[in-house]
Amino acid sequence: MSAAAREVILRRIRSAVEGAPEAEIVRGYKGITGEPGDVELFAERVRDYKAVVHVVPRAEVAATIAGITAQRLLAVPEGFPSHWYAPSEGETDGVISTCAVAIAETGTIVLDAGPGQGTRAQTLIPDYHLCLVREDQIVPNVPDAIARLDATRPLTWISGPSATSDIELNRVEGVHGPRTLEVVIAIG
Amino acid sequence: MSGTFVGMPTFPKNAAKAVQDSQLRFNLRKATHTIRGKRASVVGELDDWAELREAGKTIKDHTLRHLDDYLIQMEEKVTAAGGTVHWARDAAEANRIVARLVKETGETEVVKVKSMATQEIGLNEALAEEGINAYETDLAELIVQLGDDFPSHILVPAIHRNRAEIREIFLKHMAGAPKDLSDEPRALAEAARVYLRQRFLEAKVAISGANFMIAETGTLVVLESEGNGRMCLTLPKTLISVVGIEKLLPTWQDLEVFLQLLPRSSTGERMNPYTSMWTGATEGQEFHLVLLDNGRTSVLADKVGRQALRCIRCSACLNVCPVYERAGGHAYGSVYPGPIGAILTPQLRGMDTPLDRSLPYASSLCGACYEVCPVAIDIPAVLVDLRGKARHTRAEKAGMAAAGWVFNRSKRLAKAQRFGGRMRKLVPKRLPGPLSGWTDTRDMPDIPAESFRDWWMREGKR
Ligand code: SF4
């Protein structure tokens, strides 16, 4: 049955486009820059989404995380650098992760389930997400990010905490995803 | 398309009713103007917007021209990544496939992410007939579903409800809603979070649509805000995605264009909070992709109308449309309201009903929709073309010809206006005789006592 449907649909398409002119793709827009992304711009754009952002030298990352987690215990996905955060056992109330790529222009963080990022569910269920971004992971724009990413990995693009504007268009942070997103950017 | 709206009266009757509803008008106006402003500011940030739009348009046109090849490539890639691909000629076939897949899991409940394609085919109703409950998880869809109502906007389907109404709906229909629930948006969102959380954790089957499919890699892409999409796409063991065949993009690189065009045009954000991308069976899931035709190939066969298939459902055209702002989404009698609905619905469904025939007239041809469309769909041109194709009664044609004769000459117009002004009290709301066919589908505009032109001549001379 499905085989018949497949043939019918493909046949319908072929007869529909028969004789239609060739359509060339025009790419006049700004493409890949290949340059490093602007840390300040990235921080500002993430803050625009009402996320908390810390920009700190690499040497101070562990201390910064220790400060943030003084009142919290975070779940740690496999492969997260233990010199940055190594919690004691216990019930967690949030998650910490690294990321694959970050985009300055849009304030976006992309997770690709690589080391330190866990499964997609691990950074979704907790109400609090602390994400660590290294300066060299920040790219200027969307084309740069696409070029760096592998489409066949499970990807989650995150731009601020979960939000809805469904009630009279009032933006409310946090519906189903983590209601608080905190970002530590390690420079140098 | 969906049986949901069958039997609805024609656009003008619906619109006339909606125009009287001041709450709806207020909500719509507030919403459309807010989003419009946000869109304009984030679009203005990109100095290559025109080039992105051109790329978006040409990528879509190119894909549609070779849709057969790209669909086959998509099928190969998804299959190679452990997914199963199904093809559905029409709504009934798609619904049958999904119902069978759900039954094979032994489940009777599924969670859903907002998807226009599944609304178009009336999937929830079809599943209900098979004893399967589908739970919408998008906050707005939840409001619509609990309120036993129809969506009114592509992006904010519950735009016609205010907070007090939403609180009422939750208290009445949401099991476990706190008795002291306030009408604060934050409290309402929290109630929905609690209500749906258990459902997400227990659900074994999820159904979604997709914003894009990448033929080169077999990847599916879903953009959202709340996180309910991520919940549905990642937690359940089985994921079924129903996607229109026109959602395809040839290459991974093409996504860089649409991830800039869509969020900025749609919610007026630089990027939406969450975008999920997955290829085939992911992280231990079972994955099914249902490729849906349901009228799309006949749209594709129309030289002028096929550009409607470029649509990425951003809803920018709704938010700028003066007719939509006044009439509201329900008047269009379709899951696709606004300017895009006026050209897509009659093409997908054919123009057999009076409602669908009246849709191409739900526009003043002002062209604002074309201007904001991120894939440059010339909606006014398609409207005009469809008007020509609709089988109109002779009276309708006579009415149009008479109007054309009057409006074409300014002197005749002035005369007609003065005459109309004097006769104002006597003008019936419906034209008599054969011309009633014209007023049946169009409002007679209220005739002002004095035309602007007369006022100007009189006052300007002082
Ligand atoms: S027609 Fe254009 S503006 Fe309207 S929803 Fe589709 S893509 Fe957006």
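The values are calculated or read from the model by the stated rules, or taken from the named source; none is laboratory data. Keep in mind that what you see is a predicted model, and the values were worked out from it rather than measured. A quick note on method: Cβ atoms are made from the backbone with ideal geometry, for glycine too, and the neighbour counts reach across all protein chains shown. All accessible areas refer to the heavy atoms of the entire protein, side chains included, with ligands and DNA or RNA removed. Shrake-Rupley method; radii C 1.70, N 1.55, O 1.52, S 1.80 Å.
The table that follows gives values for the structure above.
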item	result
Cα-derived Rg to Rh of region B:14-297, Kirkwood definition	0.97
Those aspartates and glutamates that a straight Cα-Cα span of less than 19 Å connects to residue B:204, excepting residues fewer than 8 apart in one chain	B:104, B:107, B:109, B:130, B:136, B:138, B:283, B:286
Burial order of peptide ranges B:308-319, B:159-170 (average beta-carbon count within 10 Å, highest first)	B:308-319, B:159-170
Within 10 Å of each Cβ in B:24-31, the average number of Cβ atoms from other chains	1
C-alpha center-to-center spacing [region A:133-184, region B:224-255] in angstrom	16
Debye, to nearest 20: dipole size of region A:1-99, +1 on Lys, Arg Cβ, -1 on Asp, Glu Cβ	460
Check: the protein assembly as shown dipole with +1 on Lys, Arg Cβ and -1 on Asp, Glu Cβ, in debye	3920
GluC sites (Glu not before Pro) restricted to DSSP loop in region B:80-160 with at most 14 other C-beta within 10 Å	B:130
Cross-link pairs beyond the 32 Å C-alpha cut-off, checked among B:77/B:303; B:103/B:303; B:30/B:103; B:172/B:247; B:103/B:389; B:57/B:114	B:103/B:303; B:30/B:103; B:172/B:247; B:103/B:389
Size-normalised alpha-carbon gyration radius of chain A, reference 2.2 N^0.38 Å	1.30
Computed FRET value (nearest 0.05) for residue A:3 with residue B:182, which takes r as the C-beta separation and R₀ as 56 Å	0.50
Accessible surface, per residue, of chain A when the full set of protein chains is kept, probe 1.4 Å, Å²	42
Whole-percent carbon and sulfur share, accessible surface of region B:273-326, 1.4 Å	53
Partner chain coverage, peptide B:230-236 - average Cβ within 10 angstrom	5
Nearest-20 debye value, region A:35-187 charge dipole, Cβ charges on Lys, Arg, Asp, Glu	160
Span per principal axis, largest first, for the Cα atoms of region B:216-318 (Å)	44, 30, 25
Residue-averaged [θ]222 nm for chain A, counting only DSSP H segments that reach four residues, each worth -39500 (n - 2.57)	-6500 deg cm²/dmol
With at most 12 other Cβ atoms within 10 Å, longest stretch of chain A clear of loop GluC sites (Glu not before Pro) (DSSP)	A:92-188
DSSP bridge pairs, region A:35-187: antiparallel proportion in percent, nearest 5	30
Long-range Cα-Cα pairs in region A:106-163 (distance over 16 Å), rounded percent	45
Relative frequency of Cα-Cα separations exceeding 49 Å in the protein assembly as shown, percent	16
For the pair B and A, total buried accessible area rounded to nearest 100 Å², probe 1.4 Å	7100
